[in-house]
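Remarks on the structure that follows.
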Amino acid sequence: MTDSGASEAQAFYGRWVRLYDAIATLPGVGSWRERAVGSLDLSPGDRVVEMGCGTGANLPYLREAVGAEGTVVGVDFTRGMLDRARERVAAEGWENVHLVHGDATAPPVERVDALFASFVVGMLETPAIVVEDWLALVRSGGRIALLDAARSTRASAKPLDAAFRLFVAASAPPTTQLRYSNPPWRSLDRRVAAARRPLEAHTTEYGTEEFALGFVRLASGRVP
């Protein structure tokens, strides 16, 4: 992402923090997050990092999985998002949950037992390269999981495809365009697919799941 693109994205997501948080915690979404965190196979005492933690919607599930003796690190480049996440952490009194202002493409973290990212890789210009770098952060035997949204390939989901495309266009900066030479939903599909390839190629126990008629997808694997 260019400097101007990053600044635009930070301003956009910072402006819509409360709305984003409301969507991130809608009824039903929690079950996807819970299943995704479960795929990390975390144990009490583990150290896990979440790339692009946003307002902290995944933190309760990650913290529960590693327990009071484990460590959760959330990384995000939007200060407004992190401020909301800090409110959540403070309200719960979690002393082992740490939030870091940083770029998920150059994460300021050391070796971890597991890595998680939800609805993030679709915003990366080079998702395959970034995910390969993430894999290098995870210790041997640790797991990585990606939870993302993309257009569904199921016939039963076709009536909702237009609504999904509208949602993608509205939630990805800039939002002032009426016509696209490269529609954001197509970029999203390509990036989500590209991010999965390093997992499939370089992890064991690679597996995928789908939720919400195939619009939400989970991919996970274990680092050899």
| query | When residue 68 is evaluated against the numbered criteria (1) under 22 Å from residue 45 (Cβ atoms); (2) assigned to a helix (DSSP H, G or I); (3) more than 16 Å from the chain's Cα centre (by Cα), which criterion, by number, is the only one it fails? | reply | (2)
| message | Need the failing condition index for residue 75 against (1) of a type in the set (A, V, I, L, M); (2) out of contact with any Leu (no Cβ under 7 Å at 6 or more places or on another chain); (3) modelled with pLDDT of 95 or more; (4) over 25 Å from residue 196 (Cα atoms), just the number. | response | (4)
| message | When you check residue 203 against the structure, is it crowded, with 17+ Cβ neighbours inside 10 Å, of a type in the set (S, T, N, Q) and touching a strand residue (DSSP E or B) at 6+ places or on another chain (Cβ under 8 Å), yes or no? | response | yes
| said: All but one of (1) of a type outside the set (Ser, Thr, Tyr); (2) within 19 Å of residue 145 (Cα to Cα); (3) at pLDDT 95 or above; (4) within 16 Å of the chain's Cα centre (by Cα) hold for residue 30; state the number of the condition that does not hold. | reply: (3)
| said: Can you tell me which condition residue 151 does not meet? The list is (1) more than 18 Å from residue 57 (Cα to Cα); (2) in contact with a helix residue (DSSP H, G or I) (Cβ under 8 Å, 6 or more places away or on another chain); (3) without any contact (Cβ under 8 Å) to a residue 60 or more places away in the chain; (4) not in a helix (DSSP H, G or I), and all the others hold. | reply: (3)
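Report yes if residue 36 is outside any loop (DSSP other than H, G, I, E, B) and surrounded by 20 or more Cβ atoms within 10 Å (Cβ to Cβ), otherwise no. Spell out the reasoning first.
Numbers: outside any loop (DSSP other than H, G, I, E, B): yes; surrounded by 20 or more Cβ atoms within 10 Å (Cβ to Cβ): yes.
When the stated conditions are applied, residue 36 passes them.
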| message | If a residue must be touching a helix residue (DSSP H, G or I) at 6+ places or on another chain (Cβ under 7 Å) and farther than 23 Å from residue 160 by Cβ, how many such residues does the stretch 204-219 contain? | response | 1
| Can you find even one residue in the stretch 79-97 that is in contact (Cβ under 8 Å) with a residue 40 or more places away in the chain and either of a type in the set (Asp, Glu) or crowded, with 23+ Cβ neighbours inside 10 Å (or both)? | yes
| request: Take the stretch 68-78 and flag every residue that is closer than 11 Å to residue 53 by Cα, out of contact with any Cys (no Cβ under 6 Å at 6 or more places or on another chain) and not hydrophobic (A, V, I, L, M, F, W, C). | output: 78
| task | State whether the residues of the stretch 172-184 include one that is under 15 Å from the mean Cα position of the chain (by Cα) and at pLDDT below 95. | result | yes
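The values are calculated or read from the model by the stated rules, or taken from the named source; none is laboratory data. Quick caveat: nothing in here was measured; it's all calculated off a predicted structure. We place every Cβ from the backbone using ideal geometry, glycine too, and count neighbours over all the protein chains shown.
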